[in-house]
Amino acid sequence: MRRDLKLRQLAARNPLRGRSSLQLAPTRRQFVAGLAASAGAAMFGCGPAREQGGELALLTWDAYADPRLLDLWRDRTGGSIRYEIHISDPTSVNRLRAGETAVWDFVNLNNPWARKELWPAGLIRDLPRERFEPLYGAMFEKFAPPYYWAMSEDGEHLLGVVQRFETFDFVVNSDVISPGLAKDEGWDLFNNPDFANRYGILAYEDWNVMDICMGAGIDPFGEKTGDDYTAFEATARRWINNARMITTDFAQLNLAVINGEIDAYFTGGTYSITSARLEGVDNLYAITPYRGPAGGKGGINWIELNSAVANPGSGEDVLDFLEWITEPEPAWIVANGNGNLQPVSQMAQPEVLSKFTTEQLAALQWDEFDERIENSVEFDIVPDYDRLYDIYAAAIRARG
Amino acid sequence: MRRPNPGILTMLPVLVFLLAGFVIPILVVALYSLMPPRTFDLAGSPTFTNYATAFAEGYWRPLMWSALGAAATTLICLVLAWPTARVLAHLAGRWATLVTLLIALPIFISESVRLFGLALFMMPGGGILAGSIDALFGVSIGTILYTRLAALLGLVYIHFPFVLFPLLLGVSLIPKDQVEAARDLGASGWQVFREIEAPLAAPGAAVGALLCFVLSLGANAEMNILGGQAVTVITNAIEQRFNYAQDWPLGAALTVLTVLLTAAVVFPVLKRIDVDRLARR
C-alpha cells in the first residue's frame, strides 16, 4: 500500500522539473532551434544582445535555477537572474564555443571542462585569487588550495569555485541486491549473464563510456592499448544488448526499479535517487564499488566548478554571485536546488551541515559519503574518448 | 519614377525571415558537413569524408528506422483517419464539432507530457492499464513499453491529428450527389471509394500524409520515452554526434542526408497536389 502510494506520488511528479528527459532529450523542434541558434551565433560571432543592468545570465545545472536562490539574490542585491539549464556538459561547451560567451555570465560544469577546454579556448575568465582562494579553506580537506581542477594547467589562474560534488556510478534495488554485495561485486554485476535484461541504462553517454571501461577492466582515464579497445567493444555490445531499457530520464528508471521491471541501472547515484528516497522509496540505493581498475578504485567522483564566462559585457556582479553562493544559506539552497538534494563542499562547515534534516542526510546516504569519495577517482576527460564513444555509439545503433 | 511592386514589398518581411531563419542555418549546416571530422570552424578544407563515414559506419540503419517508422505511422494514421473523417464530415452532425475539438485539444499539450502519460498508462505492475486490470480482474498482464511497437503507438498517437484534419478537408470536398449517382448506377462500395471518393479526397490525404511523414521522420521523443531506445533513430544519432561525440561535421552530414531524404519525398508529392483546390473549399 505504502509502495503504491509512493508510486502514485512519483507518477504525479511533474516530469518536466529538474534534470528530466525534456531537458536531456530535447524534442526535434528544440534541438533544431538550438542548432540554428548555434549555427547563427557561429556565423555572426555573437549571440543575441544581452540586457544589461543588474541581470545575471546563468548556463547551469538545475540547482542554481532554484527560485529560492534567485529570490534571495534579488533581495540581497536588487539584481535579477535569468538562466538556462544544461542539456549536457558538452552541449553547453558547444554553445560557448559557438559564440554564446556574449550571452552568459556564469557557467556551472563538471570539473575537467574548465581546466582542459574552457580556459585554453578563452571561454572563461580567471578569478582574483586573493578574493576566492580563502573560500576553499572553508571546504572539505580535499579542496585545499590550490585545488587541481580549479586551476589552469600552468597553476597560475584560478578558474572557478567548487560547490556540488558526489559520486555517480550505479543504483540497485536494495530489496533485491544487498548493497554490500553490490559494492563488493562492483561493475562485474553487469557482466553477470544471469543479470541480462534485469538492468537499465541512464543514457548520460559520456558517463556510460567511463562505466563500460570500468566493467571491461580498463582505467577510463588511462592510456588504452589495442586489447583495451577490444575489451571495451565486447563489453559495450554485451551491456547495451542486455539492457532492458535505455533512457535519458532517471525518473523512468526509478519507476522501473519500483515496478520490479529492473533491479539496477547505470549510470546512477544519489543525484538520480535522492528525490525518490526523500519520498520514502529507500530501496533505491546508490552504489560506489569498493574497487575497480582506476588505480584500484571503481567509483567516479564528479565535482561541479562554477566559473565566470569570458563575456565582454559581464561586470563585477558575477564575481559577487560566485562568492555569495558559498555563504551558508545560498549553499544550503544549492544543495537542495530544485528539489534535487546533493552534497556541497560547504558541508564541511557545521553551520551548513546542521541545516540538513536527518531525513535529508539519510536520503543522501551521508553515512557512506566518505567511503564513496574514498573509493572513487575524480572525473576527468577520457583519453581517446572519441574512439571509445564511436564504439559505444555503434553498439547503440546495432542494438536494433 | 517606377514604383516598387507592392507584391514584393508585402513579401519582403517573410522573405527576410525565411532567409535568416531557414535558408542561412541550412546552408551553415551544409557547409559544416564538408569540414574535416571533429572540427569546429568553417575554414577547413572541404571534404566528403563525413558522408563516406556516414555510410561506412552504419548510419543508414538509424535513417532506415526513422524512414520505416515514418512510413508505418503515415499508413496507420491514413487508415485510421479515413473512416474518422468520413464520419465527421457526413454523419456526426452537430457532434462533429465536439469530436473535432476533443481530437484537436491534446495538440495544445506538450508532446513530452502526453508521451509520459502514455508511458504511465502502459507501465507494467503499477501502471494505469496493468494496475487497473490486476485490481479489477486479478489478472497480471505484460507490457509493450520499451519496445518498437510502443514507440510506433506513440508516433501514431501524436501524429494522428496532423493526418485527420487535412483529410477532413479533402473528404468534405466530395460532393454527395456524385457518390449517390455512382450508387444509383450500381457501383459497389469499393468502386465508389476507388473511383469517386479517393481521387477527390486525395489532395487532403496527401497533405496530411506529408505532414505526418515529415514530422515522424524527425521525431525522437517517442523512441526515447516509450521505446526505451530499442532502436536508434536518425535524430538521436544526429544529437549524439553534435553533443557527446563533439563531432559537428558528421552530425551536419547526417542532417543534410535527412533533409535530402525529406525533400525526395516531399517535393514529388507537393508537385501533384492542388493546394488551391483545398483552400477554395
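A few points about this structure:
- Within the straight-line cut-off of under 27 Å between alpha carbons, the lysines reachable from A:Lys297 are A:Lys116, A:Lys142, A:Lys183, A:Lys224, sequence neighbours fewer than 8 places apart in one chain being disregarded.
- By the beta-carbon count within 10 Å of each Cβ, the least crowded to most crowded order of B:His159, A:His86, fewest first, is A:His86, B:His159.
- For region A:311-325, 3J(HN,Hα) per residue [Karplus equation, 6.51 cos²θ - 1.76 cosθ + 1.60, θ = phi - 60°, Hz, x = Gly/Pro]: 9, x, x, 6, x, 6, 5, 5, 5, 4, 5, 4, 6, 5, 5
- Start at zero, step by 20 Å, and the Cα-Cα distances of the protein assembly as shown spread as 16, 47, 29, 7, 0 percent across the bins.
- Sum of -39500 (n - 2.57) over DSSP H runs of 4+, divided by residues of chain A (222 nm, nearest 500): -11500 deg cm²/dmol
- Two-decimal log10 I(q)/I(0) for region A:223-309, as the Debye equation yields it once each C-alpha is a single scatterer, q = 0.18, 0.19, 0.21 Å⁻¹: -1.01, -1.07, -1.15
- For region A:213-224, Karplus couplings with θ = phi - 60° (6.51, -1.76, 1.60), whole Hz, Gly/Pro x: 4, 4, x, 8, x, 10, 6, x, 9, x, 5, 9
- If R0 equals 60 Å, the separation of the Cβ atoms of A:Tyr148 and B:Arg183 corresponds to a calculated FRET efficiency of about 0.10.
- Rounded, prolate or oblate (a/c below 1.5 giving rounded, otherwise prolate when a/b exceeds b/c) for region B:149-281 by Cα gyration tensor: prolate
- Where only C-alpha atoms are counted, convex hull volume of region B:1-42 per residue in Å³: 91 Å³
- Region B:59-279 - Rg and Dmax from Cα coordinates, angstrom: 20.4, 67
- Anchor B:Lys176: aspartates and glutamates whose Cα lies under 18 Å away (excluding residues fewer than 8 positions away in-chain): B:Asp184, B:Glu195, B:Glu197
- For chain B, calculated [θ]222 nm from helices alone, where every DSSP H run of n ≥ 4 adds -39500 (n - 2.57): -21500 deg cm²/dmol
- Neighbour counts of C-beta atoms inside 10 Å place A:Lys116, A:Lys183, B:Lys271, A:Lys355 in the sequence B:Lys271, A:Lys116, A:Lys355, A:Lys183, starting with the fewest.
- Kirkwood Rh and Cα Rg combined as Rg over Rh, evaluated for chain A: 0.95
- Amide proton proximity set for A:Glu166, modelled H, under 5 Å, gap of 5+: A:Trp302
- For region B:37-146, applying the loop criterion from DSSP together with a ceiling of 14 other beta carbons within 10 Å to the trypsin sites (Lys or Arg not before Pro) yields B:Arg38, B:Arg94.
- Cα gyration tensor category, rounded, prolate or oblate, for region B:1-157 with a/c compared to 1.5: oblate
- In the elastic network of chain B, a GNM with C-alpha springs shorter than 10 Å, the most mobile of B:Leu98, B:Leu257, B:Leu145 is B:Leu98.
- Sparsely packed trypsin sites (Lys or Arg not before Pro) within region B:132-208, loop by DSSP, other Cβ within 10 Å at most 15: none
- Residue with peak Gaussian network fluctuation, chain B [Cα springs, cutoff 10 Å], from B:Leu136, B:Leu226, B:Leu173: B:Leu136
- Exposure proxy ranking, count of Cβ atoms within 10 Å, fewest first, for A:Glu117, B:Glu239, A:Glu153: A:Glu153, A:Glu117, B:Glu239
- Cα shape, region A:269-391, gyration tensor, a/c 1.5 rule: oblate
No value in this document is a laboratory result; all are computed from the given coordinates. Quick caveat, the model's predicted, so the values are computed rather than measured. Here Cβ is always computed from backbone atoms with ideal geometry, including for glycine, and neighbour counts include all displayed protein chains.
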